[in-house]
Amino acid sequence: MDIDETIVADGASAARAITEPYSAEWWQERSTTELRDIIKRGFSLGPAYDGAVVETERRAREALRRIRDDNAVVEQRKARLRLALLAGVLAIIVTIGLADWLTS
């Protein structure tokens, strides 16, 4: 490691140190594995445990919201397709009925 790499590494660690511990930003920087490890250690960690549980729940709600939004888009697409299919069937039935009426 040369001097330039040391400066970059020190800058990255300094940027991480700027965020206040246990703040919302600090919790968002934690990986899922880090949160899981904190939760596994249990209640003895006090506010760290509580914060890890809250952040995990927030991420779960966010993921569930994204899944619901995706499902809503898929359902809308299916409804439009069904409507187009029914309109096509109705157009065919009306055309056949008109043709039969005109030829008789």
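Here are the numbers for the structure shown:
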read-out	value
Computed E for ARG36/ALA60 - FRET, C-beta separation, R0 22 angstrom, nearest 0.05	0.95
Computed FRET value (nearest 0.05) for GLN28 with ILE67, which takes r as the C-beta separation and R₀ as 25 Å	0.80
Global geometry of region 39-104, whether rounded, prolate or oblate, following the gyration tensor of its Cα atoms and the 1.5 cut on a/c	prolate
Gain on full stretching of the segment that runs from LYS78 to TYR49 - 0.36 nm per residue minus C-alpha separation	6.1 nm
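Bear in mind these aren't lab numbers, they're just calculated from the coordinates by the rules spelled out. Everything numeric in this text was worked out from a predicted model, so none of it was measured. We place every Cβ from the backbone using ideal geometry, glycine too, and count neighbours over all the protein chains shown.
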